[in-house]
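Just below is one structure, and these are the notes that go with it.
The values are calculated or read from the model by the stated rules, or taken from the named source; none is laboratory data. Predicted model, so just to flag it, every value in this text is computed and none were measured. Note that each Cβ is placed from the backbone with ideal geometry, even for glycine, and that neighbours are counted across all protein chains shown.
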Amino acid sequence: MLRVSTVALLVFLSACGKNTPPPDTSSTTPLSVAATTSQPALPAPSEAAPAPKTPQPWTAKTVPLPVGTGPAFFDYIACDRATDRVFVPNARDVGALDVYDVAAATFTRVGGFKTREQDNKGRKRTLGPSSVTVGDGVVYVGNRATSEVCAVNAKTLRVGACLKLSAAIDGIAYVASAKEVWVTTPQTQSLAVLDASKPASLSSKATIKLPGEPEGFAVDESRGLFYTNLEDKDRSLVIDVKTHAVKSSWNPGCGEEGPRGVALDAARQFLFVACTDHLQVLDAAHAGAALGKLEMGTGVDNIDYLEGQHLLYVAAGQAARLTLARVDDRGQLAVVETAPTADRARNAVTDAKGNAYLIDPKGPELLVFPAHPM
């Protein structure tokens, strides 16, 4: 555009310059002076800075459990990260396994489990399905009322064969590398090892005697190790999956209340031990040396860990609080966020995306926390 205007001006001057008399400048202002007296340009209005975003509170949505009456006691729940389903053993007055589909946000009830009432210090408590673990195409449900472990087809959700044990069942864990189900039986200070080579039909395989009451579990599949605590001895044990021998016994420093849940960072060999009011990190590669420690509030039981994001999910039942903590490469813990939950809501689990789930037993309802944006 500049080049065209310049050419036009030159053409105009060449055409009119010789035949047009020069202008009378006696009463006019020279162009150079006129240019210096022009008004300065006003500055462009500045754009307003965007208002800072207000961080949204990390809160749960609630999903009522299928029909039933009164408050309930819930112990272990499990999340199948491959299918995005949460399995909730329900020992209310129905004896069921409630299956929550994350995508549909709906429950499917699997009934037919036996229950029984037990007097607990003058208060009646219903025993029934109380623990669950996800196997190979099968979900295994531990029933505290009957001391049975029952196989449920993961696709059809039909209850199959049940295996009765000689001791009361607490937690159960599927050990994929050995095709076994390991069951903590604290009353007899032992672990029951069940053969799951035929997934729908369990059979007894071995009993591992321990010097205390096992509580909690974690499995290192690549190294063939099973971790559990001794609640009454304040110890954390490392057990060889093949030989069933106790390889190591470490002191997590939980005190008189003893340790509860266990989780594992297999890649960095960090063992996370839940004490009743705090979390302790042990260095599994160096004889269980104490690393990070973090207060979590009272009423901590089982815990869950999302290894890909180095995030721990810890629900304190008495403090009614869920804590999300990050673990660095030195085994140190830092709180990412905390959120209020409900009285006695404990044993949170997480899916592959970082959504967290735990049960409000008084609702009773499922509390669903979205993955934290961080």
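Numbers for the structure displayed
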{"read-out": "Members of region 338-374 that are in a strand (DSSP E or B), in contact with a Pro (Cβ under 7 Å, 6 or more places away or on another chain) and modelled with pLDDT of 95 or more", "value": "none"}
{"read-out": "Filtered residue count, region 152-166, keeping only those that are assigned to a loop (DSSP other than H, G, I, E, B) and within 15 Å of VAL183 (Cβ to Cβ)", "value": "2"}
{"read-out": "Candidates VAL181, VAL149 - the one that is part of a strand (DSSP E or B), at pLDDT 95 or above, farther than 22 Å from ARG116 by Cα and out of contact with any Cys (no Cβ under 6 Å at 6 or more places or on another chain)", "value": "VAL181"}
{"read-out": "Residue count, region 341-374 (criterion: of a type outside the set (Val, Ile, Thr) and within 19 Å of PHE87 (Cβ to Cβ))", "value": "20"}
{"read-out": "Residues within region 188-224 that are in a strand (DSSP E or B), touching a residue at least 40 places away in the same chain (Cβ under 8 Å) and under 30 Å from the mean Cα position of the chain (by Cα), tallied", "value": "10"}
{"read-out": "Scope region 225-272; condition among the polar types (S, T, N, Q) and outside any loop (DSSP other than H, G, I, E, B); matching residues", "value": "THR228, ASN229, SER236, SER248, SER249"}
{"read-out": "Test: ALA218 is under 20 Å from VAL349 (Cβ atoms) and either in contact with a Phe, Trp or Tyr (Cβ under 6 Å, 6 or more places away or on another chain) or outside the structural domain of ASP328 (by TED's automatic domain parsing) (or both)", "value": "yes"}
{"read-out": "Count of region 111-137 residues which are assigned to a strand (DSSP E or B) and in contact with a Phe, Trp or Tyr (Cβ under 9 Å, 6 or more places away or on another chain)", "value": "9"}
{"read-out": "Of all residues making up region 81-101, the number that are surrounded by fewer than 19 Cβ atoms within 10 Å (Cβ to Cβ) and at pLDDT 95 or above", "value": "5"}
{"read-out": "Some residue of region 53-60 being at pLDDT 90 or above and not in a loop (DSSP other than H, G, I, E, B)", "value": "no"}
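Conditions (1) crowded, with 22+ Cβ neighbours inside 10 Å; (2) of a type in the set (Lys, Arg); (3) out of contact with any Phe, Trp or Tyr (no Cβ under 6 Å at 6 or more places or on another chain), marked per residue:
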residue	(1), (2), (3)
ASN251	no, no, yes
PRO259	yes, no, yes
ALA263	yes, no, no
ARG268	no, yes, yes
CYS275	yes, no, yes
HIS278	no, no, yes
ALA285	no, no, yes
GLY288	no, no, no
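A quick yes/no check of all residues on (1) within 30 Å of ARG92 (Cα to Cα); (2) in contact with a strand residue (DSSP E or B) (Cβ under 8 Å, 6 or more places away or on another chain); (3) not assigned by TED's automatic domain parsing to the domain that holds VAL86:
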position	(1), (2), (3)
MET296	yes, yes, yes
ASP304	yes, yes, yes
GLU307	no, yes, yes
ASP329	no, no, yes
GLN332	no, yes, yes
VAL336	no, yes, yes
GLY354	yes, yes, yes
GLU365	yes, yes, yes
